[in-house]
Amino acid sequence: METQTFYSNGKLLLTGEYVVLDGAKALAVPTRFGQNLIVKKGNNQQIKWISFDFDESIWFQDIITFSDIKSKHLAENNHSVKNTLIEILHQAFIQNSDFLNKEGYEIETHLTFPRIWGLGTSSTLINNIGQWLQIDAFELLNKSFGGSGYDVACAQTNLPIIYQLENEIPHFKTVHFNPKFKENIHFVYLNQKQSSKSAISNYLTQRHKTNKVISKINTITCEAIDCKEGKEFAKLMEHHEIIMSDVLETKTVQENLFSDFKGVVKSLGAWGGDFVMVLSKENPRNYFIEKGYSTILSYEEMVL
């Protein structure tokens, strides 16, 4: 067996966070950062697995036996990464059992972004496994890790997309979103990784409110794509924050952390962590560095 290498893009959800789970239209973009999966021949009916962070430090290393994958035998002592991996590989086995008819594998994953950034360590892995085993990555996500699937769509697409779940089935199309005002858009890391799983479960307790807001979010998403002016785009994003703040019963990130900022700060994905999108006339770098946030990327540096 020759060495095989697969790659998937990371993702950012610009509009529709949370409500994308309930069928809202979301605008998402693939990032310049992503993850590689390298598969080599192994032995002993097992997978020697090693995962590297962007700086080539090892963040996970273990051996997973074929029998553990087949029986979904989870490790004790709270090996959460190993167990998540076993759950994903078990579902992959259900979708394509042939891959365990080999002697074994040595697998490496390599992130091109710091894992704490939350740009899609899981979704890029799931899409890479989908490519490797030639199985449906959306089904793999849905039956193992869960989530809306917009991140898997970004993993396999090199352009911005409109993503929507209709009757639980993912639909997405590429769109021309290349704003003239992109020099006024930056992405700032909030120094804390959010767990997508726990953020989603918190949202689900507020789900009864979503029907009223989905059409509003859909309108914002569609208008955002056609925006010609930065000011107009900033107003839409501000409106989006107010709507979601009401649904989540949470203060906006701007109210919480950046109330004196001249511009608009919008949460992305899971509120309270990962990246925020910043819209401002002036370069916001100094403002955020003074506040203790040193990871600031321009639109060009972040978006594919």
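The values are calculated or read from the model by the stated rules, or taken from the named source; none is laboratory data. Keep in mind that what you see is a predicted model, and the values were worked out from it rather than measured. In this analysis, Cβ positions are derived from the backbone assuming ideal geometry, glycine residues included, and neighbour counts consider all displayed protein chains. These area figures cover heavy atoms from the full protein model, side chains too; ligands, DNA and RNA do not enter into them. Shrake-Rupley method; radii C 1.70, N 1.55, O 1.52, S 1.80 Å.
Averaged per residue, what accessible area in Å² does the range 192-239 show with a 1.4 Å probe, protein chains only? Intermediate results must be reported in sequence, preceding the final value.
On the way: 2980 Å² over 48 residues.
With the other protein chains kept in place, the range 192-239 gives 62 Å² per residue.
Rg and Dmax of the range 207-304, using alpha carbons, in Å: what are they?
Computed over the Cα atoms of the range 207-304, radius of gyration and Dmax are 14.0, 41 Å.
Counting heavy atoms of the protein chains only and a 1.4 Å probe, report the per residue accessible area for the range 241-293 as a whole number of Å². Let's see the in-between values first.
Values: 2600 Å² over 53 residues.
That works out to 49 Å² for each residue.
Once the whole set of protein chains is in place, how much accessible area is left on Ile169, using a 1.4 Å probe, in Å² to the nearest 10?
Rounded to the nearest 10, the figure is 100 Å².
Using a Gaussian network model of the chain with C-alpha springs under 10 Å, which one of Ala28, Ala153, Ala270 is most mobile by mean-square fluctuation?
Comparing Ala28, Ala153, Ala270 in the GNM, the peak value goes to Ala270.
Report, to the nearest whole %, how much of the accessible area of the chain belongs to carbon and sulfur atoms, 1.4 Å probe, protein only.
On the way: 6640 of 14370 Å².
About 46 percent, which is the carbon plus sulfur part of the accessible surface.
Step through the table entries Lys173/Lys193; Lys82/Lys266; Lys251/Lys281, compare each Cα-Cα distance with 27 Å, and write down the pairs that go over it.
Values: Lys173/Lys193 29 Å; Lys82/Lys266 34 Å; Lys251/Lys281 24 Å.
Those over the limit are Lys173/Lys193; Lys82/Lys266.
Go through Val264, Leu190, Gln91 and say which Cα lies farthest out towards the positive end of the charge dipole of the chain; charges sit on Cβ, +1 for Lys and Arg, -1 for Asp and Glu.
Going by the Cα projections, it comes out as Val264.
Highest mean first, how do 197-205, 19-27, 134-142 rank when packing is the count of other Cβ atoms within 10 Å averaged over residues? List each step's numbers first, then the result.
Numbers: 197-205: 14.2, 19-27: 22.1, 134-142: 18.7.
Order by mean packing, descending: 19-27, 134-142, 197-205.
Check each of the GluC sites (Glu not before Pro) in the range 48-104 and keep only those in coil by DSSP with at most 12 other C-beta atoms within 10 angstrom; list them in order.
Numbers: sites: Glu56, Glu76, Glu87, Glu103; in loops: Glu56, Glu76, Glu103.
Sparse-neighbourhood loop GluC sites (Glu not before Pro): Glu56, Glu76, Glu103.
For the range 186-245, run through the GluC sites (Glu not before Pro) and keep only the ones in DSSP coil with at most 12 other Cβ atoms within 10 Å of their Cβ.
Details: sites: Glu223, Glu229, Glu232, Glu238, Glu241; in loops: Glu229.
Within the range 186-245, the qualifying GluC sites (Glu not before Pro) (loop, at most 12 other Cβ atoms within 10 Å) are Glu229.
So for the range 137-291, what are the equivalent ellipsoid semi-axes in whole Å, largest first, each being the square root of 5 times an eigenvalue of the Cα gyration tensor? List each step's numbers first, then the result.
Values: eigenvalues 131, 76, 53 Å².
Equivalent-ellipsoid dimensions as semi-axes: 26, 19, 16 Å.
Which sequence of His79, His176, His90 reflects their accessible areas, 1.4 Å probe, from the largest down? Intermediate results must be reported in sequence, preceding the final value.
Numbers: His79 80, His176 150, His90 35 Å².
Heavy-atom accessible area, descending, gives His176, His79, His90.
Starting from the range 72-140, pick out the trypsin sites (Lys or Arg not before Pro) whose DSSP state is loop and whose Cβ has at most 15 other Cβ atoms within 10 Å. Spell out each step's value before the answer.
Working: sites: Lys72, Lys82, Lys102, Arg115; in loops: Lys72, Lys102.
Of the trypsin sites (Lys or Arg not before Pro), the ones in loops of the range 72-140 whose Cβ has at most 15 other Cβ atoms within 10 Å are Lys72, Lys102.
Per the Kirkwood formula on distinct C-alpha pairs, the Rh of the chain is how many angstrom? Don't skip to the end; give the middle numbers.
Numbers: mean 1/r = 0.0496 Å⁻¹.
That comes to 20.2 Å for the chain.
Of Asn167, Asn128, Asn218, which has the largest mean-square fluctuation in a 10 Å C-alpha GNM of the chain?
Highest fluctuation among the options: Asn167.
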